[in-house]
Every structure is written in C-alpha cells, then in structure tokens.
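In what follows, a single structure is set out as structure tokens and then discussed.
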C-alpha cells in the first residue's frame, strides 16, 4: 500500500475514500465497499452530515472482523462555526461520537473562515466572525490541545495558503501535519505543494477528478470535463486504464495523497486500482500542460460583506 510520510514519521495511506456529497443512505455501502477492496483511509467532515452512517459502516466492519481500528486511517474536520477555543473540543467530541471512535488519526481546520456558532452555511455578513475575534492562530492552538489530549493523533488544515500556514506555525511553533487542498490538472498548485514540502507539511488532494458532481451545487458550468479531456483519454487508452485512474495516478505520482469520492462499488474498486498505474514522464508532462488555475471550489460562498474575498481567502493576486 502506498503511504505518505508525515513530518513525525507517521505513514498515512496515500489513497483514501472521500465522502463529500455522499448521501447518508449511500455512504454506508461506499465505506464498506472501500474497506472490502483494500482502502485504509476514509476522509470525513462534520459538514458532510453523514458521519453517523460512516461510523456505522466502521463499527460493522470492525464487528465482522474485516478490519481492526488501528488498521484504518480516519480523518475529519472542524467546521467553521467552532473556531473559538472553547468550541473545538465539543466539535471533535461530536464527530467522535457519531463515528463511534475514541480518537481520529487526523483532524483538520476545514476552512480559514470563522462563522457564528450554529451556522452551517452563511446567508449574510452577520453570520461571520471577524478574524480579529477568532484568529486562526487561536484556533490552531486549540487544535494542538486536542492532539495533546489524544483525541486526534495528527492535526492539520484544509484550504490554507502558504501565508496562513506560516502565520499559525510561527505563532505556536507547531507545523500542520497536512494541508488538504483542491488539486487536479486544471488547478495544479505546484508552488504551494513545493512550499509545503519544504516545511514538512504533507498535501492531500481533494476533487482530483475536477469535481464534476459539484457543478450544480456550486452553480458552475464546466466546459471540458477532465475525465473527457482528449489528453487524459489518450493516456488512459494507451495505458489500458480509465481517465479517472489516470487522474488519481497523477496525484499519487506528485507525492500527494488523494481522496477521490464515489458511492458506486465498481467505481470505488476502479479508483483503488489506480495505485498500480505508472505514468511515464511524457504522460506527466502532457498532463502538466493542462493547467488553467481553475478552482472548482473557489470559496465564493464565503464572499459576503468585507471579511472575505478571493484575494483574502486564497492570498493570491
């Protein structure tokens, strides 16, 4: 099994199952199917609102003897409405209860965005907490305390820029274990991956297929889907693989971990097979030429009022 080494030497399974946009009645079977074919990394989050079903799948797999707790890596994420120091432990306690676990292998700050407690998605500027009142440095300090208490073996971040990582680490002396970010050939983020590598921060790629199933949710109209791009299709045909496998193999070849989402047992097994696909230098070069700097999850749902904008969220100009 391919793994990704974290800064303390811990090995995290490099290919995992994503559960974003997986309906509760579907995610149970998806997790059971994934564990059956060999996955040992399940990526969850409080906001996905399916942790209870994921937890039931895990409990049933443990009870059936399919897998032991210590053999599977479970990630979850702190939602934006629990960034204040006194809210982080209740948040992880809730996720642990729903998942039926005593600890998480990895707990991430989901976004560098703070919302009023109880807010799932904002409807106006009043739903946000200014970062002056809920600075990321304080949230990160609280995350570290969760690790010290044994509730999460590793802590990290998601959707963070290099500047945000630098600020929280300088304030606390502790670097995130992982930064989970959107990564695919249309958004390659090579400079951020390299900078994280130099800092000892592992990178996990979400939406590795270009997140086609989020288009309706995001109000997006995609033109050429990555899985149908002629370059990806040609490489897949040449390698006897599927376009999805090529995209997952590309992420693994870049040294990132990757968490493709599916609720289809056949597709879950197909994605698992990508770990055995080797791309050539010519393949990697051709895929590298597809860069568009095109975010599929651009964070525009946070752009209300003056607190967040594309420039302040991603720290890009």
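Coordinate-derived values only; no laboratory data. Keep in mind that what you see is a predicted model, and the values were worked out from it rather than measured. For neighbour counting, all protein chains shown are included, and Cβ atoms are generated from backbone atoms with ideal geometry for every residue, glycine included.
Computed values, structure above
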item: Mean Cβ count within 10 Å, highest first, over the residues of peptides 289-302, 152-165, 87-100; result: 152-165, 87-100, 289-302
item: Point-to-point label distance, residue 303-residue 286, nm (Cα→Cβ direction, 7 Å offset); result: 3.5
item: Helix-only [θ]222 nm of the chain, DSSP H runs n ≥ 4, -39500 (n - 2.57) each, per residue, nearest 500; result: -11500 deg cm²/dmol
item: Order of 21, 261 - criterion: other Cβ atoms within 10 Å of each residue's Cβ, fewest first; result: 21, 261
item: Share antiparallel - DSSP beta bridges, the chain, percent rounded to 5; result: 15
item: Ratio of the Cα radius of gyration of region 1-135 to 2.2 N^0.38 Å, where N counts its residues; result: 1.12
item: Cα convex hull volume per residue for region 167-287 (Å³); result: 131
item: Shape box of region 86-179 [Cα atoms, principal axes, largest first, Å]; result: 36, 31, 21
item: Taking the C-alpha atoms of region 133-226, convex hull volume expressed per residue in Å³; result: 129
item: Viscosity 0.692 mPa s, temperature 37 °C, Stokes-Einstein D of region 219-317 from Kirkwood C-alpha radius, µm²/s; result: 211
item: Taking only Cα atoms of the chain, radius of gyration then Dmax in Å; result: 18.7, 54
